[in-house]
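Here, each number is a calculation from the coordinates, and none is a lab measurement. What you are looking at is a predicted structure, and each value in this text was computed from that prediction instead of being measured. Don't worry about glycine lacking a Cβ; one is built from the backbone with ideal geometry, like all the others, and counts go over all protein chains shown.
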Amino acid sequence: MKILLKHVETEGYSPNLQSYLTEGGYSALKRALKMKPEEIISEVKLSKLVGRGGAAFPTGLKWEFTRKAKESPKYVVCNADEGEPGTFKDRIILEKDPHLILEGMVICGFAIGAEQGFIYIRGEYFEAYKILKNAIEEAEKNNYLGKNILGSNFSFKINLYRGAGAYVCGEETALLDSLEGKKGQSRVKPPFPTFVGLKNKPTVLNNVETFANIPEIILNGGEWFSKIGSPLSPGTKLYCLSGDINKPGVYELPTNITLKELLEKYGGGVQGKLKAVLPGGVSGAILTTENLDVVMDYPSVQKAGGMLGSGAVIVINESHCMVDLAEKCAEFFEYESCGKCAPCREGTKRAREILLNIAQGRGELSDLKLLKELREVMYDTSRCGLGQAALNLTVSAVEKFPDEFEEHISKKKCKLNICPVGDVR
Amino acid sequence: MTDMVNLIIDGQKVRVPAGTTVFEAARKINVNIPHLCYHENLSIYGACRICVVEIKGRPRLEPSCATLVEEGMEVKTNTARIRKARRMIVELLLANHPEDCFTCERNQICELRKLAYDLGIRSLRFEKGRKYDYEQDFSSPALVRDPNKCIQCSRCIRVCAEIQSVGAIDFVNRGARTQVLTFFNKGLNNVECTGCGQCILACPTGALRPQFAVDEIWDAISDPKKFVVVQTAPAVRAAIGEEFGMPPGSLVTGKMAAALRRLGFDRVFDTQFGADLTIMEEAHELIERIKSGGKLPMITSCSPGWIKFIEHFFPDCLEHLSSCKSPQQMFGAIAKTYYAEKLGIDPRNMCVVSVMPCTAKKFEAKRPEMCSAFEYWKERLNLKEEDRFPDVDIVVTTRGLARMIKEAGIDFVNLPDEDFDEPLGVSTGAAVIFGATGGVMEAALRTAYEVVTGKILEKIEFHSVRGMEAIKEAEVELNGLELKVAVAHGLSNAKVLLERVQNGESPYHFIEVMACPGGCLGGGGQPIPTNLEIRKKRAEAIYLEDMAKPIRKSHENPAINRLYTEFLDKPLSEKAHHLLHTTYVRRSRY
């Protein structure tokens, strides 16, 4: 079952309008323009599609909130700032099937009553930017975008905006600030962007993959979609397999697949002996061999203690030290914290420092308790997802591999000879 | 009518208008939620996360300052989870904070230190950590910035941008490397900073402070060759009592004069003498401009923060400024000419110290234009360029003077009242009101009316220009002319008036501008805290002194009249022009 990579995996398919039309592209838009906006929203609600950026908020509900919001104009924003470590799924669609995203966005605009869309694309995605830019021009020339689309009286424009490399701009409100030309820093929520979004107007902000699901939902109906994959979060999902795996890559699979199937049947098996899996990049807790039977839908992964997030499945084998891994990830968060709220700004710095101390043999057992408490406070008080999630991985590593941490601290030893224990900088 | 919202905070029912924040609602039941980045006069920032509370149904703690009340909301402001979070956040801030509380400017009045104490933090679990090691910014004669003590609450940024519409500082960099800096780190003196010091009042720590002047003053006092005279601005007497535990609004003019004498100053004078002199010159300048078709509206020039603001932001409007120097500078010029001559002392041996509610006054005293006494004596004493001396030597803030009094062990509260020395300590009620917004206007009107009409002004109080309203207007009839005046305090209000002037839409003849909210009594050198309530109290004290003065019009000040008879001849005379008037500089933004 392919929804997202259907075209991409068709032989000879190229990211231009002609190819897209040959495969039946924009027929969903034609159909949608004949529907009532409310009907579109009710199909999307019926599909039970949830956001594919990581937060898994029901897409139909988001659209409905925005449609019903009183303020106008309204905006559609596509989050293409794919920055979670280990995530490279949106890039495939952006580079290989850009019209799929545009079509999803136009339908969304029609459904919520917006005439302007923005795509905020990761700054490092040079190639994708060029392809997308070209796709927008093609769509404009052929009236899939622009005034009175396909003879209707609906007009919709899409502007492309490049980020400048900040991870936090993948967070929806930081993205909006950045899009407005401000420093990319999160806003206080509530109010949510559905009511107070871009330029303080009601805004639907969806991930690339979310929009890419829309045309098929319109063509085949929400009910059809809701029966694919796991009933808990139906549909297919793009899983990014990376790390110690034989066949890394992006796999589109129904959400009822188990982690084990994903790794073995599609990933070609783990290189070496499996130690841990990060199911959703570095922002969630780690899973271990005990969790191999987990179904890879949003609620199930969460129940297992992890976070499916963007679907960045990073495989870690026995050659990796968990202290080192935690320290590297903490360094990432320290570097990427926007610095606005105190718990994240100071907390990410201290967490990294504590982990570095442990890695270098200067740790104390009380540090482990401190990290845990720091994680609780950062989760409880940070302004946005970055700080709230920054220590999930670290604390789960401490909980699942306590011996490794204690060994570094008490015996000043890294069994795998990775950490510079005793190397006092 | 506003909708009312019912909610429960800590088990108590609260009813507040929709749009109220949880933080404000908690105040209704006498809970002052601990906070750092929240500031009552500034926009909501929601970043320190100290004021977090538990709200039923929400997965995480929420910042009460940034959360609006909702019907039926259940809030808890003090639980184990909240206390743990607050303590840890403060611990994290302290982990990056210099441990020099003993020698810190904010020693006794640091909000961070108080918070650490109040929250019961008795040990630091992140003490092994790295701290910042940033350069301090000493570029400005008025203010010093110490980024090491900054906790990134943005209160300085917000007060500068929102209240003063200046925007001299903002955040740069990201994460733990975030800093508050000037444009390209050029330093406060090299950007559009006005030196008003409102950022100092807003700062919860010692990251912003005035340039230190106390040691220089002690040195001058201890120097037997120096004849040290001190002048104190009107707003100081209405506020310095607060530094000694007296309630806001305590008028302590007599005690202050007594304390200054005990500190060892050779003469204890009053900037109010300079203020009366300013009115003489300024009122006549206004009349002259109206008569001769000069540039109108004329705008006051007493507030040095305001002057730097207009020089940076409205350089094309400089002709609107009165050419009068401020009272501080008029005083300095007269002290080192007229008074030095009278006493027969070498002006080079005279040291003029001024006590100001203001930090920008430090900048003003160092302006190159402010050496009129030197120019006066240059030929008479055959002085060379390297002998150049300023009219005002040292400027200290109200807080700085309070510390000197404490250092000397003087029991300020129980001091007897004493008078200022003559002649430069003689002043009128018109001079004391310079300390409050609208005061210069009122004082000028009292004199201008009588000079123009030749009649006695029966009702000398102009209530329409008093008070804390952003922009105040009045009309006064002067021999058939409807004189239209306006008053603004706080630079964002001044900007509104200036834009009208720039667009040719200003109906006014005369505008008073004070850089700081409330006027000088709310200046950056005043006791901390300074807030709206306290500003109002200080204004009451100022108007109280006006009422109590036997003479309430500048042109009736006998010492001023003697100064004109003996020395200056008449207002706007050539001598007055040289000593009491100045010029302005066009400045760019950075």
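For A:Met307, nonlocal amide neighbours, meaning residues 5 or more places apart or on other chains whose placed amide H falls under 5 Å from its own, are A:Gly280, A:Ala285. A convex hull fitted to the Cα coordinates of chain B yields 174 cubic angstrom per residue. What's the angle, to the nearest 10 degrees (0 to 90), between helix A:98-112's Cα axis and the longest principal axis of chain A? That works out to roughly 70 degrees. Take each residue of peptide A:331-343, count the partner chain Cβ atoms within 10 Å of its Cβ, and average: the result is 6.
Per-residue Cβ neighbour counts within 10 Å put B:Leu544, B:Leu568 in the sequence B:Leu544, B:Leu568, beginning with the fewest. A Förster distance of 35 Å, applied to the separation of the beta-carbon atoms of B:Asn41 and B:Leu343, puts the FRET efficiency at 0.15. Taking a ≥ b ≥ c as the square roots of the eigenvalues of the alpha-carbon gyration tensor, region B:365-475 is classed oblate because a/c is 1.5 or more while a/b is no larger than b/c.
Annotation: average projected area of region A:17-226 is 10.5 square nanometres, based on the convex hull of Cα atoms across all directions. Each part gets one Cα centre, and for region A:350-364 versus region B:332-387 those centres are 60 Å apart. Each residue of region B:526-537 was assigned a 3J(HN,Hα) from its phi angle through the Karplus expression (A = 6.51, B = -1.76, C = 1.60, θ = phi - 60°), giving 7, x, 9, x, 10, 9, 4, 4, 5, 4, 4, 5 Hz with x at Gly and Pro.
Determine the alpha carbon to alpha carbon distance for each of A:Lys199/B:Lys76; A:Lys340/A:Lys372; A:Lys89/A:Lys415 and list only those over 28 Å. Those over the limit are A:Lys199/B:Lys76; A:Lys89/A:Lys415.
Look at the stretch B:164-175: the mean tally of other chain Cβ atoms within 10 Å of its residues' Cβ atoms is 3. Stokes-Einstein diffusion of region A:237-317 at 10 °C, 1.306 mPa s viscosity, Kirkwood radius from Cα pairs, rounded to a whole number: 134 µm²/s.
Farthest toward the positive end of the dipole of the protein assembly as shown, out of B:Ala335, A:Thr59, B:Leu424, is the Cα of A:Thr59, where the dipole comes from beta carbon charges about the Cα centre. For region A:269-275, putting each phi into the Karplus relation 6.51 cos²θ - 1.76 cosθ + 1.60 with θ = phi - 60° gives couplings of x, 7, 7, x, 9, 5, 10 Hz, in residue order, rounded to whole numbers and with x for Gly and Pro.
Each part gets one Cα centre, and for region A:148-166 versus region B:392-422 those centres are 67 Å apart.
Comparing B:Thr278, A:Phe126, A:Ile112 along the charge dipole axis of the protein assembly as shown, the residue lying farthest to the positive side is A:Ile112, per the Cβ-charge model. Prolate is the label for the protein assembly as shown. Its Cα gyration tensor axes, ordered a ≥ b ≥ c, give a/c of at least 1.5 and a/b above b/c.
Peptide B:79-86 has a mean of 2 when you count, residue by residue, the C-beta atoms of other protein chains within 10 Å of its C-beta.
Starting from the Cα gyration tensor of region B:438-590, take the square roots of the eigenvalues, sort them a ≥ b ≥ c, and report rounded, prolate or oblate (rounded when a/c is under 1.5, otherwise prolate if a/b is larger than b/c, else oblate). Rounded shape, in that the Cα axes give a/c under 1.5. Using Cα centres only, tell me the gap between region B:67-116 and region B:461-521 in whole Å. Measuring centre to centre over Cα atoms gives 41 Å. Of the peptides A:302-309, B:220-227, the order by per-residue mean of other Cβ atoms within 10 Å, starting with the highest, comes out as A:302-309, B:220-227. Packing, taken as the mean count of other beta carbons within 10 Å per residue, orders the peptides A:371-382, B:64-75 from highest to lowest as A:371-382, B:64-75. Modelled spin-label separation between B:Lys291 and B:Asn32, with each label point placed 7 Å from Cα along the Cα-to-Cβ direction: 5.5 nm. Overall, the protein assembly as shown carries a charge dipole of about 1740 debye about its Cα centre when +1 sits on the Cβ of Lys and Arg and -1 on the Cβ of Asp and Glu, all other atoms neutral.
When peptides B:256-264, B:311-319 are ranked by their average number of other Cβ atoms within 10 Å per residue, the highest-first order is B:256-264, B:311-319. Once you keep just the Cα pairs under 8 angstrom separated by 6 or more residues, what percentage relative contact order results for region B:436-556? Averaging sequence separation for qualifying contacts and normalising by length gives 26 percent for region B:436-556. When region B:4-78 is described by a simple charge dipole with +1 on each Lys and Arg Cβ and -1 on each Asp and Glu Cβ, the residue from B:Pro59, B:Asn6, B:Asn41 located farthest towards its positive end is B:Pro59.
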